[in-house]
Amino acid sequence: MWRNTMRFAAVLCRHLPPQMNPQNLTASLKKVILESAVEFSRPARTIAWTRALCSAPKDYGVPNPSWSAEMMSLYERYSAKGAESWERLPSYKRYLTYSAGGQCLSRLHKPTARLFTRNLEEEGAGFEYTVFANKAERRAVCLFQAGPLLEGPPGHVHGGAIATIIDSATGICATYLTGFVMTANLNINYRNPIPLGSVVLVECELDRTEGRKTFVSCRITSADGSKLHAEATALFVSVSVGTLIGF
């Protein structure tokens, strides 16, 4: 069993990012790796976990049966813009998954944690969204369909849910263009309520960077652009993944 334990610990270490080689690991992380290895040291579990570490994480930003015809139409339109430098960004259940070695780290560091906007298994119940980005234009657009569990005023989306999708979309835009960030300030002006089940565009643009600071502006409009639902500005500060998880 000890041989299997050490073999599995070696597998875990091989999936860590280069800057987190075993010589640089904290005692606490070494302990987590060894405890995980002991727990899953039986041959069958070792094989299962090794496959899990190497497998691609689920992408929640692709169409599912809950998407409306309007959501699908917008998705296809922006997908067709791929030749124009627009790129669809994958959407995982944890931001940690995006980092080098993140598939492994997400199973080691608080493995039961889940991204707030991806915490419902039922498709269409909460946040249904996907993000396209254009690096040359320093812009991103989030296609957002609000499910019934996001209700605030009767029949409309809760203001906190609107703030969440703004924070998420602007944060994704900033991270895509400048690297990992955390929100320092978010200022929102609500203009018109968003009906539940409707599809809106969350359009983000990187305004400027100042050292570790990234400034992003945002507008939420109806799918055809005829109605303005909200406007916002956001300030993000660059951080390292290692700092966030205590390395």
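The values are calculated or read from the model by the stated rules, or taken from the named source; none is laboratory data. Predicted model only: the values in this text are computed from it and were never measured. Cβ sites come from the backbone with ideal geometry, for glycine too, and all protein chains shown count toward neighbours. Note: areas computed on protein heavy atoms with side chains; ligands, DNA, RNA excluded. Shrake-Rupley method; radii C 1.70, N 1.55, O 1.52, S 1.80 Å.
If you take the residues of segment 95-136 that are touching a Lys or Arg at 6+ places or on another chain (Cβ under 6 Å) and buried (at least 20 other Cβ atoms within 10 Å of the Cβ), which of them is modelled with the highest pLDDT?
At the first step, the residues of segment 95-136 found to be touching a Lys or Arg at 6+ places or on another chain (Cβ under 6 Å) are 106, 114-115, 118, 132.
Of the ones still in play, those that are also buried (at least 20 other Cβ atoms within 10 Å of the Cβ) are 106, 132.
Working: S106: 61, F132: 97.
By that ranking, first place goes to F132.
Filter segment 223-242 down to the residues that are under 12 Å from N192 (Cα atoms) and in contact with a Ser or Thr (Cβ under 7 Å, 6 or more places away or on another chain) and list them by number.
Start the filter on segment 223-242 by keeping residues that are under 12 Å from N192 (Cα atoms), which leaves 226-231.
K227, L228, H229 - these are the residues of segment 223-242 that are under 12 Å from N192 (Cα atoms) and in contact with a Ser or Thr (Cβ under 7 Å, 6 or more places away or on another chain).
Every residue in segment 162-181 that is of a type in the set (A, V, I, L, M) and farther than 14 Å from N192 by Cα, please. Write out each step before concluding.
Filtering segment 162-181 for residues of a type in the set (A, V, I, L, M) gives 162-163, 165-166, 169, 172, 174, 177, 181.
Once the filter is applied, which keeps residues that are of a type in the set (A, V, I, L, M) and farther than 14 Å from N192 by Cα, segment 162-181 yields I165, I166, A169, I172, A174, L177, V181.
Residue-by-condition table, conditions (1) open to solvent by less than 50 Å² (accessible area, probe 1.4 Å); (2) at pLDDT 95 or above:
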site: M71; (1), (2): yes, yes
site: K81; (1), (2): no, no
site: S91; (1), (2): yes, no
site: R138; (1), (2): no, yes
site: G155; (1), (2): yes, yes
